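Asks: Can you keep this structure in mind? I'll have questions shortly.
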Amino acid sequence: MNSYAQIPKRPSSARIFQDIKKLGVLGNVLYFGAHPDDENPTFIAYMANEKLYNTAYFSLTRGDGGQNLIGTETKESLGIIRTQELLQARRIDGGQQFFSRAIDFGFSKSAEEVFTIWDKEKLLSDAVWVIRKFRPDVIVSRFPPDERAGHGHHIASAILAEEAFDAAADPKRFPEQLKFVDPWKPKRLVWNAGMWWNQRREAVGQSDAEDCIKLDVGIYNPLLGKSYGEIAAESRSQHRTQGFGTVGFRGSLIEYFKHVKGEKASGDLMDGVNTTWERQPGSKKFQDLLKIVLTQYDHTDPAKVVPLLLHAREALSKLPDGYWKTTKSAELDKVIREALGLFIQVTAQDYAYTPGDQLNLNVEVLNRSNVPVSIRKIKLPFQKPDSVVEISLQKDQKLEFATEVFIPANAPYSQPYWLQKASGPGLYEVSEAENVGKPQNEPIAELNFELLVSGKVLNHISPVIYQKTDPILGEVHQPLAITPPVYVSISEKVYLFNGNDGKTVSVTVTSGKNDISGDVKLDLPEGWRAQPEFFPFTLKLKGQEQVFEFKLFPPDHAGEGELNAVVTAKDKVYNRSLALISHPHIPLQLHFPVAKARVVKVDINKRGNLIGYIKGAGDLVPASLQQIGYEVSILEDRDIVTENLVRFDAVILGVRAYNIVERLKVINPVLLKYVENGGNLIVQYNSDEGLLLKDFGPYPFTVSKNRITVEAAEVRFVNPNCSALNYPNKITKKDFDGWVQERSLYQPASWSDKYETVISCNDPGSEALDSGILVARYGKGNYVYTTLSWFRQLPAGVPGAYRMFSNLISLGR
């Protein structure tokens, strides 16, 4: 499944031949997991390109609760990126992509916990809908339904796969779906088991492998010029936010599949499934024509088989209506267009428009074959009457023309469909049930070309896109979007007050169209006030901005709330900002979050002022510390020398710095020398996988996968007299209220007795973990290793997290 706002693939002759072969294969496989990056891309690539089955990955979540190694996007924005990363991966490995409505809320240790947050029945409905719509012959679960899966979401996905396997065939389950789809019973459900026994698949024991279907997915495809391990590496490397870049694998690679439900297979995953046209009565003529096409295919001139493909298309059209006729008809039309070398592209002059705007379109059409092709009719978007054109397309003679349409005044904004409504903690609210499962919105505008190919009608739908030339990247395509006529944004996500002094709140108003004017104001929680009450604005040109500075004052007492920026223009109220997400490996994405910020008044004492910060992955902590008055300097390589570090009251390393900052292998001794000379070094958590240094602390400790996932888990003070709990802020258990997503990640499993433990905590039913904060004296200074999730708490404005982190910065003062 391709992301439509991409430079279209121009398939090679070998790829077209592969697609023609696929026309004769009738089989569907659905891979079932929990997150983006859970899929097995080698298996997907093998099934889609070697076996030529329609192969799809169903991810319960969009990965919005994960971390981000390439930027500062979190939550919904991260989910948008990871959605596109999956689409890029499928573009490479040949699979399709589906999603449920589940929101990724971070790591979980059990399915029981997961289903207190996710509505199990609704998620089961989503899974059943996808199964009934895609009609897989075989479902493959990525995970086992128990603790071996290592994550509550993983376990939940396996449980849902088993229940959906049965429910999809039962017309009494989710009968409201049967207006659109029929019940469907897959042949079997299997578990992709090998890696859960042993990461080295060649070392899987005989007892573990007994009764498993074994599949060598590592073979080489000469038509594609790659092994499936090499294709999978390219696919997997699209998950850049998670740091999953990898090199291609060549040679035999055995995957194991253990029977779970349905008819047990004896030698092949598709045992008992007729994957030929024999499963479709009356298809002999089509089969015979397809065989002739394959024997007469000319790799130097694919268009020579177009007349035969048109005869096959006519034979296919005479078959009874049904799933495979519909599916293969679409595939056959695509193959005909590919063989013709047909190029059709519709571009707009900009990527963003507002309701009521005129949309000027440029159309380019090119027939690169000797086969007679003409355009008979063009259906324009937004109910504009069809254009009857009757234009013949001569070989390599480009046709270009312009046209225009008007976007309806009531056209909806291009907000991703799963973000159009406010959602709870567990599932996105989706307005239209038929959107469930889709990876992204449909294009906002398409042109339907009715073509005549050798006298036969062939339809082609082309989405309207925006095309530009980037001086570095070259040709770039972007999706078209309908936006509000005016956006409003607040410069910070959190405003934290320590005292009664006011703070400046910068609000930016941006025009989405020419000539817009109105007023902008702040809607405030009770007790807060802003000066002035509002500002008038006038913006003449699309894209023009005005920045307004309000002075915000807190109440006398401690408190917290939410402020919103609101624009009134032409008697309409707008409160959405424009969030652009730009990374080179995905198309430009946008969405419209509410213009809001969290405001917090809290009593914080601090000692020291100047902080040196070495950024880690997706790091928003520096900006958060500036909120409470620290002066933060981002340290580059040239800054990290002994004589420079001595001026800092504390030096802080961002999350996963020892996983991603290569220079730490060289400069770590300089940091430890800083501590030895009297400095205060605070190191935030690192993953146990991919550590650049094994021993980076002054005394040994071992990083593990231990974590505390329940954000409200009780915190106990191991050493109540520790300075970290007493100076300059007296920390109480109340300071651990209101935390978000989790308490701690990747706590050390063992540590030298030179380290002092500070707090103890555990998830319900789990053992106590005492290494969330480790403090050690080293020379004249202090070394802190802390795995508490400061990177989530500080940007979220959690008051107690600021008080506690201020104490860590103040150690030794």
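Every number in this text was worked out from the coordinates using simple rules, so none of it is lab data. Please read all numbers here as calculations on a predicted model, not as lab measurements. Cβ atoms come from the backbone with ideal geometry, glycine included; neighbour counts cover every protein chain shown.
Asks: Which log10 I(q)/I(0) values does region 62-142 give at q = 0.17, 0.25, 0.26 Å⁻¹ under the Debye formula, counting every alpha carbon as one identical point scatterer?
Replies: After summing over all Cα pairs, the log10 values are -0.88, -1.29, -1.29.
Asks: Would you list I70, I444 from fewest to most Cβ contacts within 10 Å?
Replies: Going from sparsest to densest Cβ surroundings: I70, I444.
Asks: Where does each of Y220, Y785, Y495 land when they are ranked from fewest to most other beta-carbon atoms within 10 angstrom?
Replies: Y220, Y495, Y785
Asks: Determine the sum of side-chain charges near G812: Lys and Arg each +1, Asp and Glu each -1, restricted to other residues whose C-beta is under 10 angstrom from that of G812.
Replies: Net charge around G812: +3.
Asks: Nothing charged except the Cβ atoms of Lys and Arg (+1) and of Asp and Glu (-1): what's the magnitude of the dipole of region 299-344 about its Cα centre? Round to the nearest 20 debye.
Replies: 60 debye
Asks: Find which of G106, S506, G245 sits farthest along the positive direction of the dipole of the chain, computed with +1 on the beta-carbon of Lys and Arg, -1 on that of Asp and Glu, about the Cα centre.
Replies: It is G245.
Asks: Return one number: the angle in degrees, 0 to 90 and rounded to the nearest 10, between the long axis of the Cα atoms of helix 152-167 and the longest principal axis of the Cα atoms of the chain.
Replies: Computed tilt is about 30 degrees.
Asks: Here is a follow-up. Could you tell me which residue out of S462, L522, G543 lies farthest along the dipole of region 437-558 toward its positive end? Charges go on the beta carbon: Lys and Arg +1, Asp and Glu -1, centred on the Cα centre.
Replies: S462
Asks: Any idea what the dipole of the chain comes to, in debye rounded to 20, about its Cα centre with Lys/Arg Cβ at +1 and Asp/Glu Cβ at -1?
Replies: Here the chain has a charge dipole of around 940 debye.
Asks: Taking every pair of alpha-carbon atoms in region 568-612, what share in percent sits in each 10 Å bin, from 0 to the bin with the longest distance?
Replies: For region 568-612, the binned pair fractions read 18, 22, 23, 27, 10, 0 percent.
Asks: Which loop trypsin sites (Lys or Arg not before Pro) in region 519-567, with loop taken from DSSP, have no more than 15 other Cβ atoms within 10 angstrom of their Cβ?
Replies: K540
Asks: So what's the projected area for region 222-271, the Cα convex hull averaged over all directions, in nm²?
Replies: Mean projected area for region 222-271: 5.6 nm², to one decimal.
Asks: Related question: Find how much the distance from E263 to H299 grows on full extension, using 0.36 nm per residue of separation minus their present alpha carbon separation; answer in nm with one decimal.
Replies: Stretched out fully, the E263 to H299 stretch lengthens by 8.9 nm.
Asks: For region 342-417, list log₁₀ I(q)/I(0) at each q in 0.12, 0.26 Å⁻¹, using the Debye formula over Cα point scatterers of equal strength and ignoring solvent, two decimals each.
Replies: Values, matching the q order: -0.43, -1.25.
Asks: For region 486-601, what is the convex hull (Cα atoms) projected area averaged across all directions, in square nanometres?
Replies: 8.0 nm²
Asks: Can you give me the relative contact order of region 610-809 as a percent, contacts being Cα pairs under 8 Å and 6 or more apart?
Replies: 23 percent
Asks: Under a cut-off of 12 Å between alpha-carbon atoms, report the aspartates and glutamates in cross-link reach of K75, not counting same-chain residues fewer than 8 places apart.
Replies: Candidates past the 8-residue exclusion: D64, D104.
Asks: Something else now. Three principal axis extents, largest first, for the C-alpha atoms of the chain, in Å?
Replies: 86, 74, 55
Asks: Please express the Cα-Cα pair-distance distribution P(r) of region 241-307 as a list of whole percents, one per 5 Å bin, running from 0 to the bin with the greatest distance.
Replies: 3, 10, 11, 9, 10, 12, 16, 15, 9, 3, 0
Asks: So what's the net charge close to L452: Lys and Arg +1, Asp and Glu -1, counting the other residues with Cβ under 11 Å from its Cβ?
Replies: Overall, the nearby charge balance is +1.
Asks: Divide by every residue of the chain the summed helix terms, -39500 (n - 2.57) for each DSSP H run of at least 4, and state the resulting mean residue ellipticity at 222 nm, rounded to the nearest 500 deg cm²/dmol.
Replies: Calculated from helices alone, the mean residue ellipticity at 222 nm is -6500 deg cm²/dmol.
Asks: Something else now. Based on other C-beta atoms within 10 Å, arrange S491, S237 from fewest to most.
Replies: Final ranking by Cβ density, sparse to dense: S491, S237.
Asks: With a ≥ b ≥ c taken as the square roots of the eigenvalues of the C-alpha gyration tensor of region 656-735, please select rounded if a/c is under 1.5 and otherwise prolate if a/b is larger than b/c or oblate if it is not?
Replies: Oblate shape, in that a/c is at least 1.5 and b/c is the bigger or equal ratio.
Asks: Apply the Kirkwood formula to region 610-809: the hydrodynamic radius equals the inverse of the mean of 1/r over all pairs of different alpha-carbon atoms; give it in Å with one decimal.
Replies: 16.8 Å
Asks: Now a separate question. How much space per residue, in cubic angstrom, does the convex hull of the C-alpha atoms of region 1-128 take up?
Replies: 129 Å³
Asks: Along the charge dipole of the chain, pointing to its positive end and built from +1/-1 on Cβ of Lys, Arg, Asp and Glu, which listed residue (I139, F534, V486) has its Cα farthest out?
Replies: I139
Asks: Show me the chymotrypsin sites (Phe, Trp or Tyr not before Pro) within region 120-185 that DSSP assigns to loop and that have at most 14 other Cβ atoms within 10 Å of their Cβ.
Replies: Filter output for region 120-185: F180.
Asks: State to the nearest 20 debye the size of the charge dipole of region 27-85 about its Cα centre, where the only charges are +1 on K and R beta carbons and -1 on D and E beta carbons.
Replies: In debye, rounded to 20, region 27-85 gives about 120.
Asks: DSSP loop (so not H, G, I, E, B), at most 12 other Cβ within 10 Å: list which chymotrypsin sites (Phe, Trp or Tyr not before Pro) in region 565-653 pass both filters.
Replies: Hits after loop and neighbour filter: nothing returned.
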